[in-house]
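> Got a structure here, written out as structure tokens. Questions coming.
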Amino acid sequence: MWIYEKKLQYPVRVCRPNPRLAKEIITQYGGPDGELSASLRYLTQRYTMPTGQAIATLTDIGTEELAHMEIVAALVYQLVKDAPLHEIKEAGLSSYYADHDRALYFVNASGVPWTAAYIQSKGDPIADLHENMAAEEKARATYEWLINLSDDPDVTDVLKFLRQREVVHFQRFGETLMRVQDYLQCKKVY
Amino acid sequence: MQNEQMELMQRLRELEFAAVELNLFLDTHPENQEALRDFNRVACELAEVRQTYENKFGPTMNFGVSTSKGRWQWIDGPWPWQVGY
């Protein structure tokens, strides 16, 4: 069960349209290291985690990632909402416009749709937790590249918040990995 | 959104951010009593601020967590991604 809260975890207020930046940021909506990938990866891996501690961590981080998906959507929505068609064409977004107008859709920065092949759910908690730590670092790196590409301080501010959350999640997954390793060691009886 | 509503929403955001952080920390440090005390304190204050916000500006959550007064306020905008929210 999930309950919706009518609130962004971090406020998004974009003052001027910028379809070029929207085209790049949308990769954190539907790209390989984006927020949809992150939330679905953790929320599907949690069923086969061996401890309540690991299940709680994957449930809670997976849930926070859904909130981040909404923040990224708000950014893209506000960046293209009032953009004139000629700017959309100049930004290289005309092929996206042909299929989706200014609607939100799960694609990466090159327009490739999201695929479940971006994520893994291995049934081995050590393998899955390592994947999650790598995923957090890849998302952090993506936010850094997006910050480099951003020419709008209001957008950069939101990207910095999201980057910081990846760092915290990496930390919590690392601690979970150690706890799960300890648990699996204790279970072995010689 | 009027100023008072923005300010209360920001207070709600700050408290809930603290709650999320403490929640994730406690997931990997469940025996930490100091974090547990902080979490419970933040959760109480968050509930108070949410009640104040909802009394003035309507429900923040669906499916029976928040109540509507007089009429069904859930459908009222602005929604979180809308400009001016």
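> Suppose the filter is within 30 Å of B:Glu54 (Cβ to Cβ) and buried (at least 23 other Cβ atoms within 10 Å of the Cβ); does A:Ala74 pass it?
So A:Ala74 fits the description; yes.
> Additional query: Kindly indicate whether any position in the range A:111-130 is touching a strand residue (DSSP E or B) at 6+ places or on another chain (Cβ under 9 Å) and either of a type in the set (A, V, I, L, M) or modelled with pLDDT of 95 or more (or both).
yes
> Being touching a Leu at 6+ places or on another chain (Cβ under 9 Å), in contact (Cβ under 8 Å) with a residue 12 or more places away in the chain, more than 22 Å from A:Ala127 (Cβ to Cβ) and hydrophobic (A, V, I, L, M, F, W, C) narrows it down to one residue among A:Val158, A:Val180; which is it?
That would be A:Val158, the only listed residue that is touching a Leu at 6+ places or on another chain (Cβ under 9 Å), in contact (Cβ under 8 Å) with a residue 12 or more places away in the chain, more than 22 Å from A:Ala127 (Cβ to Cβ) and hydrophobic (A, V, I, L, M, F, W, C).
> For the range B:10-19, state whether one or more residues are in contact with a Phe, Trp or Tyr (Cβ under 8 Å, 6 or more places away or on another chain), within 21 Å of A:Ile71 (Cα to Cα), within 11 Å of chain A (Cβ to nearest Cβ) and not hydrophobic (A, V, I, L, M, F, W, C).
Looking through the range B:10-19, at least one residue is in contact with a Phe, Trp or Tyr (Cβ under 8 Å, 6 or more places away or on another chain), within 21 Å of A:Ile71 (Cα to Cα), within 11 Å of chain A (Cβ to nearest Cβ) and not hydrophobic (A, V, I, L, M, F, W, C).
> Next question, about the same structure. With (1) in contact (Cβ under 8 Å) with a residue 12 or more places away in the chain; (2) of a type in the set (A, V, I, L, M, F, W, C); (3) within 12 Å of chain B (Cβ to nearest Cβ) as the list, and A:Leu40 as the residue in question, which single condition is left unmet?
With (1) in contact (Cβ under 8 Å) with a residue 12 or more places away in the chain; (2) of a type in the set (A, V, I, L, M, F, W, C); (3) within 12 Å of chain B (Cβ to nearest Cβ) applied to A:Leu40, the lone miss is (3).
> Right, here's the next one. Whether any residue in the range B:29-49 is of a type outside the set (D, E, K, R), at the interface with another protein chain (Cβ under 10 Å from one of its Cβ atoms) and closer than 28 Å to A:Thr57 by Cβ is what I want to check.
Yes, that holds for at least one residue.
> Output the residues belonging to the range B:56-73 that are within 9 Å of chain A (Cβ to nearest Cβ) and loosely packed, with under 15 Cβ neighbours inside 10 Å.
The answer is B:Asn62, B:Phe63, B:Gly64, B:Val65.
> On to the next question. Check whether at least one residue in the range A:67-74 is without any contact (Cβ under 8 Å) to a residue 40 or more places away in the chain and either more than 15 Å from A:Glu136 (Cβ to Cβ) or within 16 Å of the chain's Cα centre (by Cα) (or both), and report yes or no.
First, pick out the residues of the range A:67-74 that are without any contact (Cβ under 8 Å) to a residue 40 or more places away in the chain: none.
Looking through the range A:67-74, none of the residues is without any contact (Cβ under 8 Å) to a residue 40 or more places away in the chain and either more than 15 Å from A:Glu136 (Cβ to Cβ) or within 16 Å of the chain's Cα centre (by Cα) (or both).
> Which members of the range A:6-41 meet the condition of being of a type outside the set (A, V, I, L, M) and in contact with an Asp or Glu (Cβ under 7 Å, 6 or more places away or on another chain)?
A:Arg13, A:Cys15, A:Pro17, A:Asn18, A:Pro19, A:Gln28, A:Tyr29, A:Glu35, A:Ser39
> B:Thr52 - would you say it is facing chain A (nearest Cβ under 9 Å), β-branched (Val, Ile, Thr) and under 16 Å from the mean Cα position of the chain (by Cα)?
In short, no.
> Exactly one of these conditions fails for B:Pro59: (1) free of Cβ contacts under 8 Å to residues at least 24 places away in the same chain; (2) outside any loop (DSSP other than H, G, I, E, B); (3) under 16 Å from the mean Cα position of the chain (by Cα). Give me its number.
Failed condition: (2).
The values are calculated or read from the model by the stated rules, or taken from the named source; none is laboratory data. Bear in mind the structure is a predicted one, so any value in this text is a computation, not a measurement. Note: ideal-geometry Cβ built from the backbone for every residue, glycine included; neighbour counts use all protein chains shown.
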